[in-house]
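Some notes on the structure that comes next.
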Amino acid sequence: MNNKIIQNETENNMKSINKMNIEKNQVFVFLYAIGTILIVAGHCDNGGINLVFNLFPIYSFHLGLFMFCSGYFYKSKNEKELGKYIWKKFKRLIIPMFIWNLVYGVFVQLTRLKGFTIGGDFTLYNLFIQPLKNGHQFVYNMCFWFVPELFLIEIITCGIRKFISKIINVNEYVFFIIYFLLGVLGIYLSNMGLNKEWNLLIVRTLFFFPFFGLGILYNRKLEKIDKLNNIGYFSIIILVQLIIIFFEGKAPSFTPSWCNDFTPNLVLPYLVGYLGILFWLRIAKILEPITMNSKVINCISNNAYPIMAHQFFGFFILKCIYGIFSKITPIFLTFSFESFKSNIWYYYYPKNSVFLILYLIFGLTIPILINTILTKIRSIIGKTHYKKIIRIKN
């Protein structure tokens, strides 16, 4: 009996692993990783690095890149069981968001005992309403603002496609036009001032639809014709971007978190966003042989959600280290405890801004460490529970 249960469990695990290997796409593993790195870098003054940011600014495409990747992996089979799909996404995205919001709410209250003024009060409103409206209630977990929009886009896409497909057979390009028009509507509403309170959730969601839709379209139509040689490919993308910069006077960049700085040109945010995505997509294809077995790339990609959640806590840890050394050694004496305790965007670095790369490193590694520890704890608990089941069945 014992051996039979263990054998069945092993077979199920092997099937899951094989399925994951079949579905795994190293190009998009790299894209997830680079997107994650860029988001963290964007939150710490570029993290002491410059990956053609003057040509393709981080904030012109980095979140769109995440939506593009999510759209790429969208599966039509989810439309058959919409309710089950919604519940799966709710468990995977929304429930962890609320749990970590509670944790950071407690963390903010504890830091207040040491004189910190960063973050809001520990209220039911900040625990359950603000995470959906703007996501900046406790500040340290502000990157979670992106989660409700991702959840809504995935389930709305599933619902729309299921409904329309029952009525008429729609070409994938038509679906993409629908997504694009939704995005243009979002920018229009934002420019009209409808980007406050609950409206912010709406315009954020609408804004991301064209990026999610491009991921679906690329998977189903464009990927098989994406055969242009690298010289021609990069020449076109860079030339178009330079033309935009020439007429705009700079490389356009936007802030999707607040949707308050879009230009009157309703298409421009998508044009520059697509160019940035296509640039890094080809880079990912070129580097695929190198990144295929990269433990670092795979680790960052597999921990994208934890990194989004805990990067500011990683920054906090580094600032604490600077603060401790400023107290017990003659170095880092210019570290400002007042700024540290009152301004989340205070980034102390000694001598030269190249040291900002330490924030990038901490913003990546601390979340990975947190997730590794929690995974280990869950594994231990799971094994204990499994052993109890074995004993009961025997």
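None of the figures in this text is laboratory data; all of them are computed from the coordinates on show. Only a predicted model underlies this, so the values are computations on that prediction, with no experimental measurement involved. Methodologically, a virtual Cβ is constructed for each residue, glycine included, from the backbone with ideal geometry; neighbour enumeration extends over all protein chains shown.
Some notes on this structure:
- Note on region 168-218: Cα-only Rg and Dmax are 12.1, 37 Å.
- Potential extension, T111-V296 segment - 0.36 nm per residue separation minus Cα distance: 63.4 nm
- For the listed peptides 351-361, 275-285, 206-216, a ranking on the average number of other beta carbons within 10 Å per residue, highest first, reads 206-216, 275-285, 351-361.
- Residue order, fewest to most surrounding Cβ atoms within 10 angstrom, among R378, R220, R204: R378, R220, R204
- Largest mean-square fluctuation among I380, I86, I155, in a Gaussian network model of the chain whose springs join Cα atoms under 10 Å apart, belongs to I380.
- Normalised per residue, the volume of the convex hull around the Cα set of region 243-394 (Å³): 251 Å³
- Compactness of the chain, taken as the C-alpha radius of gyration over 2.2 N^0.38 Å, stands at 1.07.
- Within a Gaussian network of the chain (alpha carbon springs, distance under 10 Å), most fluctuating of L113, L65, L51: L113
- Between S342 and N50, the contour length at 0.36 nm per residue exceeds the Cα-Cα span by 102.3 nm.
- Candidates I368, I156, I167: whichever shows maximal mean-square fluctuation once the chain is modelled as a Gaussian network with Cα springs under 10 Å: I167
- Unsatisfied cross-links (Cα-Cα over 30 Å) in the set K75/K196; K75/K133; K196/K250; K162/K285: K75/K196; K162/K285
- Approximate spin-label separation N199-F90, in nm, with each point projected 7 Å along Cα-to-Cβ: 2.9 nm
- Each Cα pair under 8 Å and six or more residues apart adds its separation to the average, and for region 2-393 the resulting relative contact order is 26 percent.
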